[in-house]
Amino acid sequence: MLLLNDNKIDLIMNKIKFLNGFVVVLIVIYLIHFLGDAYLTFFTDFIEPFEHLYKDFIFGYYTQFVGLVFSVLTFIGLLFIKNGLGEIIKEGFFNAYSATKFKTAGKLFLISGFLNLVFSMVLLFRSEEVLFLGEMGQSFLLMIIGFSLYIIADILQNGNLLKQENDLTI
Amino acid sequence: MPIVVNLDVMLAKRKMKSKDLAEIIGITTANLSILKSGKAKAIRFSTLGAICEALDCQPADILEYIEN
């Protein structure tokens with residue numbers, strides 16, 4: 001019975017390790033995206049055809065960087081998830097540290113998703129470019145992930161309490 | 001907590017060491033220490049039964065309710 005439990009825990013840990021690797025890959029992709037974005041904006045004329053969308057907008061030329069700020073929020077959220085997953089791999093599934101990290105990541109994803117949604121809606125109504133409809137879908141997805149992380153953090157916190165009770169049951 | 005564990009008293013009465021009791025009932029000395037110090041949140045019936053068997057006593061000899 002104990003062996004079966006250990007096998008199950010190993011299986012879950014393997015999945016967590018896989019997820020951790022996936023998050024690391026995503027962090028690297030985000031870094032490449034930031035570098036690529038900076039290169040295309042400052043060293044090429046790639047962005048010129050789209051500049052008309054932003055020209056007369058609230059922040060003018062800098063409107064194109066608003067989306068980048070939201071991406072940075074998501075990126076920081078990913079770093080928190082990476083920390084939380086790393087702690088799970090080291091200390092086991094139920095620990096308070098991971099719960100706190102996931103909660104912060106969830107908040108960041110929710111904020112980033114919501115702001116991006118509002119921004120995309122404003123751009124959609126203003127420019128009538130269908131391109132921003134896809135962005136809105138992505139924002140919703142990000143908000144759902146953020147909310148899910150919030151729920152996972154609560155489960156981890158409750159699990160941590162149950163684990164403590166179980167450890168102190170002789 | 002209003003429940004007090006009088007395991008020390010019973011061990012002294014039976015002139016048994018904690019280490020020996022832990023060995024007989026099959027738990028670690030660390031866990032027995034948690035139980036003796038009153039830090040434990042709960043005790044399993046199986047553990048309680050094993051302690052009663054090893055010390056030849058009743059659960060009431062080990063656990064006592066004291067009103068706050």
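The values are calculated or read from the model by the stated rules, or taken from the named source; none is laboratory data. Everything quoted here is computed from the prediction, not taken from an experiment. Quick reminder, even Gly has a Cβ in these numbers, built from the backbone with ideal geometry, and neighbours come from all protein chains shown.
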Expected single match for over 22 Å from A:GLU165 (Cα atoms) and either more than 10 Å from every other protein chain (Cβ to nearest Cβ) or surrounded by fewer than 11 Cβ atoms within 10 Å (Cβ to Cβ) (or both) among B:LEU63, B:LEU55, B:LEU7 is B:LEU55
Within region B:19-43, the count of residues that are more than 10 Å from chain A (Cβ to nearest Cβ), assigned to a loop (DSSP other than H, G, I, E, B) and either within 22 Å of B:TYR65 (Cα to Cα) or of a type in the set (A, V, I, L, M) (or both) comes to 1
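Scan region A:77-93 and tell me whether some residue there is among the aliphatic types (A, V, I, L, M) and over 15 Å from the mean Cα position of the chain (by Cα).
Of region A:77-93, the ones among the aliphatic types (A, V, I, L, M) are A:78-79, A:81, A:85, A:88-89.
Subset that is over 15 Å from the mean Cα position of the chain (by Cα): A:88-89.
Yes: one or more hits.
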Checked pairs for region B:16-31, first aliphatic (A, V, I, L, M), second part of a loop (DSSP other than H, G, I, E, B), C-beta under 7 Å and 6 or more apart or across chains, list as B:ALA22/B:THR28; B:ILE27/A:ILE170
Open item on the list: With the structure loaded, tell me whether B:MET16 is assigned to a loop (DSSP other than H, G, I, E, B), in contact with a helix residue (DSSP H, G or I) (Cβ under 8 Å, 6 or more places away or on another chain) and either more than 11 Å from A:ILE170 (Cα to Cα) or at pLDDT 90 or above (or both) or whether it fails that test.
Closed with: yes
Looking across region A:6-28 at residues that are β-branched (Val, Ile, Thr) and surrounded by fewer than 11 Cβ atoms within 10 Å (Cβ to Cβ), the single one that is farthest from A:ILE76 (Cα to Cα) is A:VAL25
Item to complete: Say whether the condition of being surrounded by 14 or more Cβ atoms within 10 Å (Cβ to Cβ) and either within 14 Å of chain B (Cβ to nearest Cβ) or not in a helix (DSSP H, G or I) (or both) is met by at least one residue in region A:95-108.
Response: yes
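One line per residue, one yes/no per condition, for (1) surrounded by fewer than 19 Cβ atoms within 10 Å (Cβ to Cβ); (2) within 14 Å of chain B (Cβ to nearest Cβ):
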{"site": "A:SER112", "(1), (2)": "no, no"}
{"site": "A:MET121", "(1), (2)": "yes, no"}
{"site": "A:SER139", "(1), (2)": "no, no"}
{"site": "A:LEU142", "(1), (2)": "no, no"}
{"site": "A:TYR150", "(1), (2)": "yes, no"}
{"site": "A:ALA153", "(1), (2)": "no, no"}
{"site": "A:LEU161", "(1), (2)": "yes, yes"}
{"site": "A:ASN166", "(1), (2)": "yes, yes"}
The correct count of residues that are in contact (Cβ under 8 Å) with a residue 40 or more places away in the chain, in contact with a helix residue (DSSP H, G or I) (Cβ under 7 Å, 6 or more places away or on another chain), of a type outside the set (S, T, N, Q) and more than 25 Å from A:SER120 (Cβ to Cβ) in region A:137-170 is 3
Apart from one, (1) surrounded by 14 or more Cβ atoms within 10 Å (Cβ to Cβ); (2) in a helix (DSSP H, G or I); (3) within 14 Å of chain A (Cβ to nearest Cβ) all hold for B:SER46; the odd one out is (1)
